[in-house]
Amino acid sequence: MAAGRRWKWTLIMQAIVVTLDRLATSALGCYGNEWIETPHLDRLASEAVVFDRHFTEHVGASAGTSLGTGQFPFGAAPRLPLTDSAWSNITAAAGVELHLLRECDAQPWSRALETTTCSMVATQPVLDPKPDEIPFAHLVRTAMETLASPRGTASRIVWLHSAGVPEPWLPPEGFATLYFEDYEERGCEMAAVTRDNWGTHPAVYAGYVSLIDHWLGELLTAVKKSAVNEPTLLVFVAARGCDWTKEPGPRREFLELDDDESPAVTDLLTTDLATDDAASAERISTPATLLLDVAPVRIHQPAVPRPTHSLTEAITRTPLFLRLFDGASFDVEFAGTRSNRLVQTADIAATLLHFFQLPSAPAVTDGRSLLNELNETEPPRAMVCFTDGDGSRGIRTADWSCLIQDEPLEQESTVQLFAKPEDYWEVNDLSGQQRDVTATLIKGLNAILTASSR
């Protein structure tokens, strides 16, 4: 897939998009977790491109809005209503069928995609359901039926919209207790954990992630079978992360396996986070580049209290996988690689338009095609930004994260600056030492938010 390549396909094509409202990168093996079993996502990572710097634009009530509208949801309200999607109107006009499969309890942003076929599937989460009765299982089975149904001559998008790990976390008991023994072996008291507080314990969250991974494996098998006869794009993305280890959370040593222990699911190599004492203001201008065959970093819990900011990396950075079934060229060039470019959730819409060879413009989507990001046909982003819609906003570069929080009773806002990727848990505020960097980032953030709010 050489740089600048244009698709030459004339056959019918399909895109499979799986979006979860909530899923933490730190809970996945391919993003550095060493003890939660996610074999199917790990296998997908070995066949796809994993984006290490994917950041959502919004973590509040508008989380995921850019998936439906293709535009940044900044300002007092999104520029387009949730019921309008310029990019999906273009695909519909081109004859691309859109099959939206949506869980009942998923966020309402996907209403923007209800232009063709919409199926409300699954049930509300209940205490101790059977493994095949969780909402995501219903969603996957419906998608498998759609993929196996007779095709016409039109290209199509099959979009699965799931709530992801629901809040509170209520997996079947077998999965809820899956990691209890591991916790106890490392000194974590589990006797007090009952069904009444399952929904807030990290061990239970881990069990639900493994259950979602199981059903994702079923879907991936169906996608591969469906992709045999037509070019297929597969995208898996979460609209929001989760700081799932924060409260009550395991003790630090639990997240660091002994040297003679190995994960039950993946043997991915990990490297410790590096530090760079020579960090300076010049780092802000260093562009992110595409990194191939780079192992994920190991995630350690800090020994000091973690911040309560709503825009921590655990929440704003979310999983993103892209897999292209195109005969051979994607597998040769990109399968099993990782991209370090800064990307955002609005890029999904631009990617779909690119895949189906349809026009895009700023009025249609604020995003950039991820296929172009892989081919490096345009310079990488220097920065991305995000907000919670409630007074907090932030900006991220390859080397810095600057977070701003309005204080209701104060005239000034609280500003924090963290070095990246060294300070994953954002506990070492450098805004006082790096004033020039902080000022430059705030200026860039204000410019982006102002332009996007017009």
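The values are calculated or read from the model by the stated rules, or taken from the named source; none is laboratory data. These numbers come from a predicted model, not from an experiment. Neighbour counts run over all protein chains shown; Cβ positions are idealised from the backbone, glycine included.
Table for the structure above
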| item | result |
| --- | --- |
| Residue count for segment 53-79, restricted to those that are modelled with pLDDT of 95 or more, touching a Leu at 6+ places or on another chain (Cβ under 8 Å) and of a type outside the set (Phe, Trp, Tyr) | 2 |
| Residue check for THR337: over 12 Å from HIS54 (Cβ atoms), of a type in the set (Val, Ile, Thr), crowded, with 17+ Cβ neighbours inside 10 Å and modelled with pLDDT under 95 | no |
| Residue list for segment 364-383, restricted to those being over 21 Å from the mean Cα position of the chain (by Cα) and of a type in the set (A, V, I, L, M, F, W, C) | VAL364 |
| Segment 125-158: number of residues that are at pLDDT below 90, closer than 22 Å to SER226 by Cβ and part of a helix (DSSP H, G or I) | 1 |
| Residue in segment 20-30 that is modelled with pLDDT under 90 and either crowded, with 20+ Cβ neighbours inside 10 Å or not charged (D, E, K, R) (or both) present | no |
| Some residue of segment 85-98 being modelled with pLDDT under 85 and crowded, with 24+ Cβ neighbours inside 10 Å | yes |
| The listed residue being modelled with pLDDT under 95, crowded, with 16+ Cβ neighbours inside 10 Å and of a type in the set (S, T, N, Q), out of GLN411, GLN405 | GLN405 |
| Selected residue (criterion: farthest from ALA451 (Cα to Cα)) from residues of segment 330-378 that are of a type in the set (Ser, Thr, Tyr) and in contact with a Leu (Cβ under 8 Å, 6 or more places away or on another chain) | THR337 |
| Residue within segment 353-364 that is in contact with a Ser or Thr (Cβ under 7 Å, 6 or more places away or on another chain) and more than 21 Å from THR19 (Cα to Cα) present | yes |
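Here's the yes/no breakdown for (1) over 19 Å from ASP243 (Cβ atoms); (2) over 26 Å from the mean Cα position of the chain (by Cα):
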| position | (1), (2) |
| --- | --- |
| ARG393 | no, no |
| ALA398 | yes, no |
| THR414 | no, yes |
| LEU430 | yes, yes |
| THR440 | yes, yes |
